[in-house]
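What follows is a single structure, written as structure tokens, with notes after it.
The values are calculated or read from the model by the stated rules, or taken from the named source; none is laboratory data. A quick note: this is a predicted structure, and the numbers were derived from the prediction, not measured. FYI the Cβ positions are ideal-geometry reconstructions off the backbone, even for glycines, and counts take in every protein chain you see. Quick note on the areas: whole protein, heavy atoms, side chains included, nothing else; ligands and nucleic acids left out. Shrake-Rupley method; radii C 1.70, N 1.55, O 1.52, S 1.80 Å.
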Amino acid sequence: MKKLILSILLLTQIAFAQEKKKIETYSFGQNGMELIAKSSKDVVIISTFNAKMTIREEIARKVYSLYAENKLETNKKYTISGNEASVTGNCVIRKKNNLIAIDFYYEKIEWYSGLIEIYKKFLG
């Protein structure tokens, strides 16, 4: 009888111990220029909006890598994987003469810890 009770207790603990993804919203992120890359013919400025402080530089470098490989298009959603999280956002590319501005707007951050953060514009 004791073994049965212990087995049931152990099985219920295992069943409820599974990690569940937690979804939260956030309204305040970091905005600004993260990377400036200069080549012989162009200057590329990578800016991020609604970013999280700990991953913004890494994600900006990955956005630049995609641009350098000609894999970025304007007004298109991208998911970029980093060391701590996977970020989904919208990319806007603006060109004027030899200046190229790439703006990446964070929309969703899926942290590898299980937390999912969705950007929600603050209206107050």
| note | Given the conditions (1) among the β-branched types (Val, Ile, Thr); (2) open to solvent by 60 Å² or more (accessible area, probe 1.4 Å); (3) modelled with pLDDT of 95 or more; (4) assigned to a helix (DSSP H, G or I), every one holds for residue 36 apart from (4)
| Test set (1) part of a loop (DSSP other than H, G, I, E, B); (2) open to solvent by less than 30 Å² (accessible area, probe 1.4 Å) - residue 48 fails condition number | (1)
| query | Which ones in segment 97-124 are farther than 17 Å from residue 23 by Cα and part of a strand (DSSP E or B)? | reply | 99, 100, 101, 102, 103, 104, 105
| query | Within segment 85-96, is even one residue in contact with a Lys or Arg (Cβ under 6 Å, 6 or more places away or on another chain) and within 22 Å of residue 23 (Cβ to Cβ)? | reply | yes
| message | List pairs: first residue in segment 63-82 and under 23 Å from residue 113 (Cβ atoms), second residue assigned to a helix (DSSP H, G or I) and open to solvent by less than 100 Å² (accessible area, probe 1.4 Å) anywhere in the structure, Cβ distance under 6 angstrom, at least six positions apart or on different chains. | response | 80/59; 80/62; 82/58; 82/59
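So for segment 52-62 (the condition being in a strand (DSSP E or B) and either among the aliphatic types (A, V, I, L, M) or open to solvent by 70 Å² or more (accessible area, probe 1.4 Å) (or both)), does at least one residue qualify? Let's see the steps before the verdict.
Quick first cut of segment 52-62, residues in a strand (DSSP E or B) only: none.
Within segment 52-62, none of the residues are in a strand (DSSP E or B) and either among the aliphatic types (A, V, I, L, M) or open to solvent by 70 Å² or more (accessible area, probe 1.4 Å) (or both).
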| Does residue 116 satisfy the criteria of being in contact with a Lys or Arg (Cβ under 7 Å, 6 or more places away or on another chain) and surrounded by 18 or more Cβ atoms within 10 Å (Cβ to Cβ)? | no
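Here's the yes/no breakdown for (1) open to solvent by 70 Å² or more (accessible area, probe 1.4 Å); (2) small (Gly, Ala, Ser); (3) on the phi < 0 side of the Ramachandran plot:
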site: 23; (1), (2), (3): yes, no, yes
site: 28; (1), (2), (3): yes, no, yes
site: 31; (1), (2), (3): yes, no, yes
site: 42; (1), (2), (3): no, no, yes
site: 68; (1), (2), (3): no, yes, yes
| query | Which number in (1) open to solvent by 30 Å² or more (accessible area, probe 1.4 Å); (2) on the phi < 0 side of the Ramachandran plot marks the one condition that residue 75 misses? | reply | (2)
